[in-house]
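**Student:** Sharing a structure, written as structure tokens. Questions coming.
A short reminder: the numbers here are calculations on the coordinates, not readings from a lab. Please read all numbers here as calculations on a predicted model, not as lab measurements. Don't worry about glycine lacking a Cβ; one is built from the backbone with ideal geometry, like all the others, and counts go over all protein chains shown.
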Amino acid sequence: MSGTNTDTMLKKDHANDSFKDTISIVNKEGGRKWIYPKKPSGRFYNARTVLSIFLLAFLFGAPWIKIEGHPFLLLNILERKFILFGTVFTPQDFYLFGLLMITVFVVLFLVTAVYGRIFCGWLCPQTIFLEMVFRKIEYFIEGDYIQQKSLNASPWNGKKIFKKFSKYLIFFVISFLIANTFLAYIIGTDELLKIVSEPVNQHLSGFISIVVFTLFFYWIFAWFREQACILVCPYGRLQSVLLDKNSVVIAYDNVRGEPRGKVKDKEKDNLGDCIDCKLCVNVCPTGIDIRNGTQLECVNCTACIDACDSIMDKIDRPRGLIRFDSIENIETRSGFKWTARLTGYTAVLVVLISVTGFLFASRKDIDVNVLRTPGMLYQNQQDNKVSNMYNIKISNKTYDEKRIDFKLKNAEGEIKLIGNDIILKPLEIHEGSLLILMPKDKIKMTNTPLNIEVYSDGKEIDELKTNFLGPQNQ
Ligand code: SF4
Ligand code: SF4
């Protein structure tokens, strides 16, 4: 099946639909058709190059940034510890992550509904690495698409061996760097440096992870390539439900371009602006012909816009035969329309951002939970006192040591910790127990509501509500 999800939106009375029967990366025999895209050039390609330099610098640099000796970004899924922009998030904050993820998805849906698959071409790490790193190296070593094709078709000789070996060696080294960076986001740079610098047998699992990730990234970028976007990526597969006629996509203006034909025949045959040079097809990294309409394979890389603009310049026609535009605007020249769907996405987004923002702003550095031990009733103690046992869980999300104390607020009684004083190390999660004792004659009901004040280093940081079970008929 070709990517035909939204292409019916275009009028294609000019084209036959045989492209729907094939997929650009599969040959007639059903095997892999290797895509040789022509080297892109032009204003959009230059802009993407500049943006990718910033994004790559951030991607490789961020794990090494420290704030007062602590990571700026860390996504340690193994120990369930996350640091975002210097702020620590522990498992108690996972609901915030859940909300954040939903917010990001809604942002993505909204942006896609308005601007199409712009994320893929401009921000996605897969596209950036493939088009802006690996493909550039390939062009540098093997030349443009024609030279690459002839090199691959030529018999093995010294020149071919040298080019292939140097290309794949560089690919492997970059994959190794990506693997290390990927791991640095998970375990932090200090741990990574230990794996790299200390004997292998001391960090066997870390060493194996680096090897596995390196081979994985090498396989992705040296061989698998655009198949990740076309066959694997779930976001690509969602295009058919996210886009509509009003979404701005990379679109061929068939109204202006058709019927296509040679420059010399244009006036005679009253042809459109497309001269059928196929440059837009040759530069496409997913091997499609954008003139067939919006297709699932299009990653919005804009290479076809640059290519077609260069042709329009040459034949003295206005640029933009292929451009960022909506199908609706191409067909009716009606301009951008704000649809009910966009209103819905925006409303959900505003609510999500408000709730998530509020929860992030009210997030505490020290989380304390006190819960009466399930299944236990009260215990009679000496001096005519009654006690209840409570489980406590305290999470220190700061880089400082914290002493935690409790005080009863609204009842006569005392709190006794079971074990030593609670002094939490940086980022430590403490689980323990405490007893609350109350004189029998002060207990007025079987279930007394209690307020407990929580102090960190002598400063009140929280007030918790719980209850106290006492003897009946008091
Ligand atoms: S159709 Fe154009 S924008 Fe889409 S992937 Fe191909 S070259 Fe890139
Ligand atoms: S590059 Fe432009 S003129 Fe050439 S085939 Fe593509 S759309 Fe037509």
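**Student:** Give the peptides 449-461, 284-296 in descending order of average Cβ contacts within 10 Å, highest first.
**Tutor:** 284-296, 449-461
**Student:** Which length gain, in nm to one decimal place, applies between LEU177 and GLU198 when the Cα-Cα distance is subtracted from 0.36 nm times their residue separation?
**Tutor:** Residue separation times 0.36 nm, minus the Cα-Cα distance, leaves 5.8 nm.
**Student:** Express the Stokes-Einstein translational diffusion coefficient of segment 31-241 in µm² s⁻¹, to the nearest whole number, given a Kirkwood radius over alpha-carbon pairs, 4 °C and a viscosity of 1.567 mPa s.
**Tutor:** Result for D is 66 µm²/s.
**Student:** With Cβ to Cβ distances under 14 Å as the rule, what net charge do the other residues near LEU192 carry (K, R +1; D, E -1)?
**Tutor:** Charge balance in the 14 Å sphere: -1.
**Student:** List, in the order given, every pair from LYS38/LYS314; LYS28/LYS262; LYS167/LYS194; LYS364/LYS409; LYS33/LYS163 whose Cα-Cα distance in the structure shown is over 24 Å.
**Tutor:** Violating the 24 Å Cα-Cα cut-off are LYS28/LYS262; LYS167/LYS194.
**Student:** Roughly how tilted is helix 94-115, in degrees to the nearest 10 and between 0 and 90, from the longest Cα axis of the chain?
**Tutor:** Approximately 20 degrees, to the nearest ten.
**Student:** While we're here: Once the Cα gyration tensor of the chain is found, what semi-axes does its equivalent ellipsoid get, as square roots of 5 times the eigenvalues, in whole Å, sorted largest first?
**Tutor:** For the chain, the ellipsoid semi-axes come out as 61, 30, 17 Å.
**Student:** Suppose each label sits 7 Å from its Cα in the direction of the beta carbon; what would the HIS70-PHE140 distance come out to in nanometres?
**Tutor:** Each label point is offset 7 Å from its Cα along the Cβ direction, giving 3.9 nm.
**Student:** Hey, another quick one. Give me the angle, in degrees from 0 to 90, between the Cα long axis of helix 204-219 and the longest principal axis of the Cα atoms of the chain, rounded to the nearest 10.
**Tutor:** Around 30 degrees separate the two axes.
**Student:** Okay, next question. Roughly speaking, what is the centre-to-centre gap between segment 133-188 and segment 353-404 when only Cα atoms are used, to the nearest Å?
**Tutor:** The distance from the Cα centre of segment 133-188 to that of segment 353-404 comes to 55 Å.
**Student:** Using alpha carbon centroids, what distance separates segment 255-281 and segment 205-247, in Å?
**Tutor:** 36
**Student:** Please give the helix 303-314 orientation as an angle from the longest Cα principal axis of the chain, in degrees from 0 to 90, rounded to the nearest 10.
**Tutor:** It works out to around 30 degrees.
**Student:** If the reach is capped at under 17 angstrom between alpha carbons, list the lysines near LYS337, excluding any in the same chain fewer than eight residues apart.
**Tutor:** Correct list for LYS337: LYS245.
**Student:** To continue, here is another question. What spacing in nm lies between the two simple spin-label points modelled at SER205 and ARG43, each 7 Å away from Cα in the Cβ direction?
**Tutor:** The two pseudo-label positions are separated by 5.3 nm.
**Student:** I need the Debye-formula profile for segment 422-474: one equal scatterer per C-alpha, no solvent, reported as log10 I(q)/I(0) at q = 0.24 1/Å, two decimals.
**Tutor:** These q points yield log10 I(q)/I(0) values of -1.03.
**Student:** Tell me the relative contact order for segment 255-384 as a rounded percent, counting alpha carbon contacts under 8 Å between residues six or more apart.
**Tutor:** Reported relative contact order: 14 percent.
**Student:** Now, a different point. Could you list which residues have their amide H under 5 Å from that of GLU428, counting only those 5 or more apart in sequence or on another chain, with H placed in the peptide plane?
**Tutor:** When sequence neighbours closer than 5 places are left aside, the close amide H contacts are ASN396.
**Student:** I would also like to ask the following. Note down the magnitude of the dipole of the chain about its Cα centre, charges +1 on Lys and Arg C-beta and -1 on Asp and Glu C-beta and zero elsewhere, to the nearest 20 debye. Write out the running numbers ahead of the final one.
**Tutor:** Details: 58 positive and 50 negative charges, 249 e Å.
The calculated dipole for the chain is roughly 1200 debye.
**Student:** Which distance in nm do the two modelled labels at PHE85 and LYS149 give, with both placed 7 Å along the Cα-to-Cβ direction?
**Tutor:** 4.9
**Student:** Still on this structure, please answer the following. Work out the P(r) tail for segment 366-469: percent of alpha carbon pairs separated by more than 20 Å, whole number.
**Tutor:** Within segment 366-469, distances greater than 20 Å cover 37 percent of Cα pairs.
**Student:** Can you give the Kirkwood hydrodynamic radius for segment 209-327, in Å, rounded to one decimal and based on Cα pairs?
**Tutor:** For segment 209-327, inverting the mean 1/r across all distinct Cα pairs yields 16.0 Å.
**Student:** Excluding residues on the same chain fewer than 8 positions from LYS385, give the aspartates and glutamates whose Cα lies under 14 Å from its Cα.
**Tutor:** GLU412, GLU414, ASP441
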